[in-house]
Amino acid sequence: MRLVVTEEQRELRATLRRFFADRSPGAEVRRLMETPEGHDPRVWAQMAGQLGLQSLAIPEEYGGAGFGVRELAVVFEEMGRALVCSPYLATVALAGTALAATSDEAAKRDLLPGIASGDTIATLVEGAPVTARHDGGGGWVLDGAAPQVLDGHIAGLLLVAAGTGEGTALFAVDGTAPGLDRAPLPTLDQTRRLARLAFAAVPARRIEGDAAAVLARTLDVAAVALAAEQLGGAQQALDMTVEYAKVRHQFGRPIGSFQAVKHRCADMFVQVESARSAVLNAAEAADERPAELPAAAALAKAYCSDAYLHTAGETIQLHGGIGFTWEHDAHLYFKRAQSSRQLFGSPDRHRARLAELAGITGAVAAP
């Protein structure tokens, strides 16, 4: 087990922090929250062209850099720290991971290079009542609806898990395919976009391979990526709070000198550092110990969800009146913490899964 950060990862972190500090300051986040797309296409292109972020974990034979989940975790942590508005989670952690995990070489050759270059925004549709049937001409069409799809309103490529009558299979759908209806949804966290998709005889390409195994791997990697993003948000919330405690004075001295404030900041620090250990362990398991990934991912997602929500809530409380205002960024982190907590399964659901993997009977998963 190698739960350390390498020099290359530290350099990547420093580069990303400078990049996102410039491209995703608070004012820009608020501007993008009001746009129909929910992200800046120019920054998306720069992420691909200047930094190679979209290609980071894609195998080299498909146009990628061939790195692993440990490097991806660094990217997601820094994106979470800056509240970056981007379809990166859907495109890279979901669609990119799913495609790379399939055994369909033709599909990987056709579809992965577009993701790696940044030309394709993609997402994954799973857990929805979508069915697939033959179209009478040797192809497939999809019917059904998906109520909540991450970045589904702008994705040019949809990977859809659909029932075939013989089990679940994975299909690739063009975002402009006939019969596909896409409607953006209002969200609590306006920095993250969801859409409702409806399929009415939508033409689709079947992707060969064990869909169940592909989806299991994909959702575990996505949970690790989201946990890393939660870690970054929690760290930024802690840093904001500590800095405020140094400069905010009451009764003639900084509020950070009061014992009650010190204790609450210390508790936040412990939760953030524990979350860091959980993320490092899960990312390392994804790259080196795949058999341990399901348990490590469940632990990381459950713990980081709670740590982020607690830290973001304490940030608002310790900032006092200013922390409750629309003008302060604290509420943006709190909303992201709330939405991320439910994405890819609630903490209770992951704890129940962890108990099941550990052989503890009687565990009931929450929704």
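Things to note:
- Matching residues in region 49-71 - criterion: being touching a residue at least 40 places away in the same chain (Cβ under 8 Å) and touching a helix residue (DSSP H, G or I) at 6+ places or on another chain (Cβ under 6 Å): GLN54, SER55, ALA57, ILE58, TYR62, GLY63, GLY64, GLY68, VAL69, ARG70
- The number of residues in region 80-112 being in a helix (DSSP H, G or I) and either out of contact with any helix residue (DSSP H, G or I) (no Cβ under 6 Å at 6 or more places or on another chain) or polar (S, T, N, Q) (or both) comes to 13.
- Residues in region 332-349 that are out of contact with any Ser or Thr (no Cβ under 8 Å at 6 or more places or on another chain) and part of a helix (DSSP H, G or I): GLN338, GLN342, ASP348, ARG349.
- Matching option when the condition is open to solvent by 40 Å² or more (accessible area, probe 1.4 Å), under 24 Å from the mean Cα position of the chain (by Cα) and in contact (Cβ under 8 Å) with a residue 24 or more places away in the chain, among ALA213, ALA225, ALA195: ALA213
- Any hit, region 172-185, residues being under 20 Å from the mean Cα position of the chain (by Cα) and either open to solvent by less than 40 Å² (accessible area, probe 1.4 Å) or hydrophobic (A, V, I, L, M, F, W, C) (or both): yes
- If you go through region 228-249 and keep only what is of a type outside the set (Lys, Arg), touching a residue at least 60 places away in the same chain (Cβ under 8 Å) and open to solvent by 20 Å² or more (accessible area, probe 1.4 Å), you end up with GLN235, GLN236, MET240, TYR244.
- Candidate set from region 113-128 (those that are within 27 Å of GLY345 (Cα to Cα), hydrophobic (A, V, I, L, M, F, W, C) and in contact with a helix residue (DSSP H, G or I) (Cβ under 7 Å, 6 or more places away or on another chain)); member that is surrounded by the most Cβ atoms within 10 Å (Cβ to Cβ): LEU124
- Taken together, GLY252, GLY256 contain a single residue that is of a type in the set (Gly, Ala, Ser) and open to solvent by 70 Å² or more (accessible area, probe 1.4 Å), which is GLY252.
- Here ALA57 fulfils each of the conditions (1) crowded, with 16+ Cβ neighbours inside 10 Å; (2) part of a helix (DSSP H, G or I); (3) of a type in the set (A, V, I, L, M) apart from (2).
- A search for C-beta distances below 7 Å between a residue of region 79-100 that is within 15 Å of HIS153 (Cβ to Cβ) and in contact (Cβ under 8 Å) with a residue 24 or more places away in the chain and any residue that is among the hydroxyl-bearing types (Ser, Thr, Tyr) and surrounded by fewer than 24 Cβ atoms within 10 Å (Cβ to Cβ), counting only pairs 6+ apart in sequence or on different chains, returns CYS85/THR191.
The values are calculated or read from the model by the stated rules, or taken from the named source; none is laboratory data. Everything quoted here is computed from the prediction, not taken from an experiment. When we count neighbours, we look across all protein chains shown, and the Cβ atoms used for this are built from the backbone with ideal geometry, even at glycine. Protein only, heavy atoms only, side chains kept; ligands, DNA and RNA dropped before computing areas. Shrake-Rupley method; radii C 1.70, N 1.55, O 1.52, S 1.80 Å.
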